[in-house]
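Colleague: Take a look at the following structure, please.
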Amino acid sequence: MTATSFTVVFLAALAVSLSLQLWLAQRHAVHVRAHRGAVPPPFAGQIALAAHQKAADYTIARTRFAMVEMLFDTGILLALTLGGALAALVTWTASLPAAVLWQDLALIAAVALLGGVVALPFGYWQTFVIEAKFGFNRMTLGLWLADLAKGTLLGVAIGLPLAALALWLMRAAGPLWWLWVWAVWIAFQLLVLALYPTLIAPLFNKFSPLPAGPVRERIEALLARCGFASRGLFVMDGSRRSSHGNAFFTGFGRGRRIVFFDTLVARLSPDEIEAVLAHELGHFKLKHVVKRVLWMAVLSLAFLALLAWLTAAPWFYAGLGVPPAADRPGVALVLFALVLPTFTFLLGPLFSLASRRHEFEADAFAARHASAAALAQALVKLYEDNASTLTPDPLHSAYYDSHPPAAIRIARLAAAGARA
């Protein structure tokens, strides 16, 4: 392949990807607005019209905002590649009086810093304009800045050493360096899973033991029925930042924790909380987490093998506006990370489909070990509290949504409850 032909392929893929995503977003906004005037029949009497209209307006606002962000991100990508910004950074870092490893680290840090600065206004607008407008934001500017500082420091402390090791392996481990980098990456992912509950998450939130009472009693009985052991039941102060509610498992092996947002504990009844936890427990019992980790491991291996091939291809660099730099693996790494989403956008619907299938399976597990009716009631409350639209565009939902549409999900739970 020549540099010119790869440029054409890149631009074509970028145009198709952007056009498809903008078209889906526009369809979604139009569809939600068209169904704003009436609560869908399955939810009539459970969700007020005002709440349904709030969810529609919230969804439309977020969708319109996402469209602006897509256009802006595309402009930044073109400026970095064919616009010559990355080539200028490569030239600047090459002039630094340091070894190639440190030049490449400087390049990665510069691109990451640029991306972070560019994303700041969007993050601010999302939190303090859109979320605040619809009554979800509880974060102060001070807390937002503190989170930003801690996240940046954590990224530097973890990301730079990991990048340095990967760059060193790319130069020192021979033709099969990508296998070594893959092994390091998998080990890193497992290490983060192990350390996240006790070392990383507490940097941002406070975790308190779930107090004794009906909720804890029901949860402990559920765990006993399912033969599931955890290292603790915790409530997280999610209300410091948002009124959205959630529950999740974190960690793995003996370090598994069950965490509830304080907003969820305050909103749901004990049987509803039990049902939500039974759903989350289903993901673990049915090996959904393990399957996702394995799929990501396979994909990362394939992508690293592709990167290894591209590092020796002059057309890969020149076709993206950067002079060939086979002696600088960091250049190939940055280029690859920048343009990979342009060529993999069609993988999204496949992952969304698999995720929705897992959600149905976890719902069925919950219906067998708790109350399907209670889970349905809890979901309706969460849809309302989180302003989740009940009328998503079918194509947009199929492409993006990791959870099934509300009406289909509730109908399946009703059928499961009837069978039980």
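The values are calculated or read from the model by the stated rules, or taken from the named source; none is laboratory data. These figures come from a predicted structure and were not determined experimentally. Positions of Cβ are backbone-derived with ideal geometry, glycine not excepted, and every protein chain shown enters the neighbour counts.
Colleague: When you check residue 68 against the structure, is it of a type in the set (Val, Ile, Thr), more than 28 Å from the chain's Cα centre (by Cα) and over 22 Å from residue 3 (Cβ atoms), yes or no? Lay out the reasoning, then the answer.
Modeller: Details: of a type in the set (Val, Ile, Thr): yes; more than 28 Å from the chain's Cα centre (by Cα): no; over 22 Å from residue 3 (Cβ atoms): yes.
Judged against the criteria, residue 68 is not a match.
Colleague: Give me the pairs: first residue in the range 75-97 and at negative phi and crowded, with 18+ Cβ neighbours inside 10 Å, second residue part of a loop (DSSP other than H, G, I, E, B) and of a type in the set (S, T, N, Q), beta-carbon distance under 9 Å, and six or more apart or on different chains, which are they?
Modeller: 87/81
Colleague: If you don't mind, there's one more thing I want to ask. Can you pull out the residues in the range 126-169 that are assigned to a helix (DSSP H, G or I) and aromatic (Phe, Trp, Tyr)? Give the derivation first.
Modeller: Here is the first cut: in the range 126-169, the ones assigned to a helix (DSSP H, G or I) are 126-133, 141-169.
Within the range 126-169, 128, 144, 168 qualify.
Colleague: Go through (1) part of a loop (DSSP other than H, G, I, E, B); (2) within 17 Å of residue 216 (Cβ to Cβ); (3) of a type in the set (Gly, Ala, Ser) for residue 266 and report which single condition fails.
Modeller: Only one criterion is unmet by residue 266, namely (1).
Colleague: I'd like the full set of residues that are more than 26 Å from residue 413 (Cα to Cα) and within 22 Å of the chain's Cα centre (by Cα), limited to the range 27-57.
Modeller: 29
Colleague: Scan the range 125-146 for residues that are surrounded by 13 or more Cβ atoms within 10 Å (Cβ to Cβ) and in contact (Cβ under 8 Å) with a residue 60 or more places away in the chain and report the count.
Modeller: 10
Colleague: Which number in (1) in contact (Cβ under 8 Å) with a residue 40 or more places away in the chain; (2) surrounded by 12 or more Cβ atoms within 10 Å (Cβ to Cβ); (3) under 30 Å from residue 334 (Cβ atoms) marks the one condition that residue 175 misses?
Modeller: (2)
Colleague: Would you be able to say whether some residue in the range 109-121 is without any contact (Cβ under 8 Å) to a residue 60 or more places away in the chain and farther than 30 Å from residue 241 by Cα? Spell out the reasoning first.
Modeller: Quick first cut of the range 109-121, residues without any contact (Cβ under 8 Å) to a residue 60 or more places away in the chain only: 109-110, 112-121.
So of that shortlist, the ones also farther than 30 Å from residue 241 by Cα come out as none.
No, there is no match, as no residue in the range 109-121 is without any contact (Cβ under 8 Å) to a residue 60 or more places away in the chain and farther than 30 Å from residue 241 by Cα.
Colleague: Name the residue, out of 217, 272, that is surrounded by 14 or more Cβ atoms within 10 Å (Cβ to Cβ), under 24 Å from residue 365 (Cα atoms) and at pLDDT 85 or above. Can you show your working first?
Modeller: On the way: 217 fails: surrounded by 14 or more Cβ atoms within 10 Å (Cβ to Cβ).
Only one candidate passes the filter, namely 272.
Colleague: Do you know which residues across the range 301-316 are in contact with a helix residue (DSSP H, G or I) (Cβ under 8 Å, 6 or more places away or on another chain) and either closer than 20 Å to residue 187 by Cα or touching a residue at least 60 places away in the same chain (Cβ under 8 Å) (or both)?
Modeller: The answer is 301, 303, 304, 305, 307, 308, 311, 314, 315, 316.
Colleague: Here's a follow-up. For the range 4-38, which positions are aliphatic (A, V, I, L, M), buried (at least 17 other Cβ atoms within 10 Å of the Cβ) and closer than 20 Å to residue 396 by Cβ?
Modeller: Those that are aliphatic (A, V, I, L, M), buried (at least 17 other Cβ atoms within 10 Å of the Cβ) and closer than 20 Å to residue 396 by Cβ: 18, 24, 25, 29, 32.
Colleague: Test residue 398 against the stated conditions and say whether it is within 24 Å of residue 89 (Cβ to Cβ) and in a helix (DSSP H, G or I).
Modeller: Values: within 24 Å of residue 89 (Cβ to Cβ): no; in a helix (DSSP H, G or I): yes.
When the stated conditions are applied, residue 398 does not pass them.
Colleague: Among (1) assigned to a helix (DSSP H, G or I); (2) in contact with a strand residue (DSSP E or B) (Cβ under 8 Å, 6 or more places away or on another chain), where does residue 108 come up short?
Modeller: Just one mismatch for residue 108, condition (2).
Colleague: Assess whether residue 60 counts as being within 23 Å of the chain's Cα centre (by Cα), of a type in the set (A, V, I, L, M) and on the phi < 0 side of the Ramachandran plot.
Modeller: On the way: within 23 Å of the chain's Cα centre (by Cα): yes; of a type in the set (A, V, I, L, M): yes; on the phi < 0 side of the Ramachandran plot: yes.
Yes.
Colleague: Take residue 223 and tell me if it is in contact (Cβ under 8 Å) with a residue 12 or more places away in the chain, more than 21 Å from the chain's Cα centre (by Cα) and assigned to a helix (DSSP H, G or I). Break it down into steps so the answer makes sense when it comes.
Modeller: Values: in contact (Cβ under 8 Å) with a residue 12 or more places away in the chain: yes; more than 21 Å from the chain's Cα centre (by Cα): yes; assigned to a helix (DSSP H, G or I): yes.
So residue 223 passes the test.
Colleague: Another question about this same structure. Any chance you could count how many residues in the range 98-124 are buried (at least 17 other Cβ atoms within 10 Å of the Cβ) and more than 23 Å from residue 161 (Cβ to Cβ)?
Modeller: Residues that pass the stated criteria total 0.
Colleague: Working only within the range 326-382, note down all residues that are part of a loop (DSSP other than H, G, I, E, B), within 27 Å of residue 311 (Cβ to Cβ) and in contact with an Asp or Glu (Cβ under 8 Å, 6 or more places away or on another chain).
Modeller: Looking only at the range 326-382, we keep the residues that are part of a loop (DSSP other than H, G, I, E, B), and these are 326-328, 344-346, 370-371.
This time we only want the ones that are within 27 Å of residue 311 (Cβ to Cβ), so: 326-328, 344-346.
328 - this is the single residue of the range 326-382 that is part of a loop (DSSP other than H, G, I, E, B), within 27 Å of residue 311 (Cβ to Cβ) and in contact with an Asp or Glu (Cβ under 8 Å, 6 or more places away or on another chain).
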